[in-house]
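Structure first, then comments.
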Amino acid sequence: MVMVNHSLSIGRFPFYWRTKGSVDSNKSIETKMLGFELTYDPDFGFLKQRRSVELDEAIGSVYHLDHNIGYLQEGAEEFATYGAEYLDVIWAALDRTSQKRDQLKVVDIGCGGGLVLNEIAKRFPYSKRYGVDPSPLAKRASSQFGFELVNEFYPSKDREAVADVDLFLHYDVLEHVADPLQTLKYIFDDLNVGGLLVFSVPDCSKSIEHGDISMCIHEHLNYFSVTSLKKLVEGAGFTDVKVFKGEHGGTLFCIAEKGTSCLPHKRQKRSLDQSFEFSQFVERHERVCQKLSKFLNEKGDTTIGFYVPLRSIPYITKLNFSGKFKFYDDSRFFKHRFLDGFENNKILCIDDLEAVPPEYTLIMTHAYGSLIKDKIEERSIDTRVVQINEFYE
């Protein structure tokens, strides 16, 4: 019999919002140690982080800083992969609609460095383009790429700027907002009839299915599967909602339309299934932790290499792991940099792994696990590779 659980506590670990080039970088900004507790939305079934005043203050403060964590910014290698796929989804969505093209009004929520709006301008030079973003980075981008900027959070005080919209965009935004249903309702109201919403969120389907907490990060308040995201968007009133997995690991895309005959803001009936499914998630998680804890304990004083630090930290915290370990990540965002709270663990890369290999390397991402394993094996690196999905049931 599955016990009914309504929350899952992971523990306290550093609030991530940046990497730094040295342990002395920005010492004036204090490392915040915040608790992390998962619960679920009773209407739509997505998982969500239980909020606190401390968490809200931390998130609110960093979004106004001159910093951008997202991939869709100038110089990011991921724009050529994630960004290109997102643009393909946008073009495909526009190709299937009768939406006017000559003076398309586009609003990009969380526009960051403005690269997507710049690509819109290249394809639709007479479009009206607006970004909604509180960061200094977005302000510079609006001058560089020539789009109008509402330098606030959405929904903005300037309602006219974001009204009568033909195309709403947001990339990796909905997981950050406190009330995703209300945000989608605002977007629904601001769209013209026949208008489109195209967006992306991290794909947590497999992590939720297997009780894997490697997805947990303080900035992400919501965790969606294909099913729960579709229900949520439909719950805000959208029709013809399509949710699908991206070709690049860990991405969900959604295309939705404000139809001519839809009833706005439909609400799903609450179901005991949501609490049951969350309880199953908790039980599967506990079994993953038991297996992983047994594995780590058996290794004694052996140094463990954790590939993908952010996905390792929730387990290091939950298991109270105090053994020796190293972090590895090949992304430009992380390679040879440091995380707050882990100043003794410079993030290494595959070249470092090859030079001084740990006896065991734990790959903590299921989405890219096989690719990382293949890279290690291609170099014949003398380390025993174990992937997080090997601890799934």
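The values are calculated or read from the model by the stated rules, or taken from the named source; none is laboratory data. Only a predicted model underlies this, so the values are computations on that prediction, with no experimental measurement involved. All Cβ positions, even for glycine, are placed from backbone atoms using ideal geometry, and neighbour counts span all protein chains on display.
Some values worked out for this structure:
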quantity	calculated
S370 assigned to a loop (DSSP other than H, G, I, E, B), hydroxyl-bearing (S, T, Y) and outside the structural domain of D212 (by TED's automatic domain parsing)	no
Residue that is modelled with the lowest pLDDT, among those in the range 91-136 that are of a type outside the set (G, A, S) and within 19 Å of the chain's Cα centre (by Cα)	P134
Selected residue (only one of N320, N345 is closer than 26 Å to E30 by Cβ and in contact with a Lys or Arg (Cβ under 8 Å, 6 or more places away or on another chain))	N345
Candidates A161, A178, filtered to the one that is over 25 Å from E85 (Cα atoms), among the small types (G, A, S) and touching a residue at least 60 places away in the same chain (Cβ under 8 Å)	A178
Residues (of a type in the set (S, T, N, Q), modelled with pLDDT of 70 or more and touching a Gly at 6+ places or on another chain (Cβ under 8 Å)) located in the range 31-89	T31, S52
Unique match (being more than 24 Å from V53 (Cα to Cα) and surrounded by fewer than 21 Cβ atoms within 10 Å (Cβ to Cβ)) among F153, F188, F199	F188
Meets criteria (touching a strand residue (DSSP E or B) at 6+ places or on another chain (Cβ under 8 Å), buried (at least 20 other Cβ atoms within 10 Å of the Cβ) and within 14 Å of T303 (Cα to Cα)) for T365	no
Some residue of the range 131-139 being out of contact with any Asp or Glu (no Cβ under 8 Å at 6 or more places or on another chain) and either surrounded by fewer than 21 Cβ atoms within 10 Å (Cβ to Cβ) or farther than 28 Å from S228 by Cα (or both)	yes
Residues satisfying the stated conditions in the range 120-146, i.e. free of Cβ contacts under 8 Å to residues at least 12 places away in the same chain and outside any helix (DSSP H, G or I)	P125
Complete set of residues in the range 289-309 that are crowded, with 21+ Cβ neighbours inside 10 Å and not in a strand (DSSP E or B)	V308, P309
Single residue of N320, N389 found to be modelled with pLDDT of 95 or more, surrounded by fewer than 19 Cβ atoms within 10 Å (Cβ to Cβ), under 24 Å from K206 (Cβ atoms) and not charged (D, E, K, R)	N389
Which numbered condition A93 misses (of (1) touching a Leu at 6+ places or on another chain (Cβ under 7 Å); (2) surrounded by fewer than 19 Cβ atoms within 10 Å (Cβ to Cβ); (3) under 26 Å from F46 (Cβ atoms); (4) of a type outside the set (F, W, Y))	(2)
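Per-residue answers, yes or no, for (1) outside any strand (DSSP E or B); (2) of a type in the set (S, T, N, Q); (3) free of Cβ contacts under 8 Å to residues at least 40 places away in the same chain; (4) crowded, with 19+ Cβ neighbours inside 10 Å:
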| site | (1), (2), (3), (4) |
| --- | --- |
| D340 | yes, no, no, yes |
| E343 | yes, no, no, no |
| D351 | yes, no, yes, no |
| D382 | yes, no, yes, no |
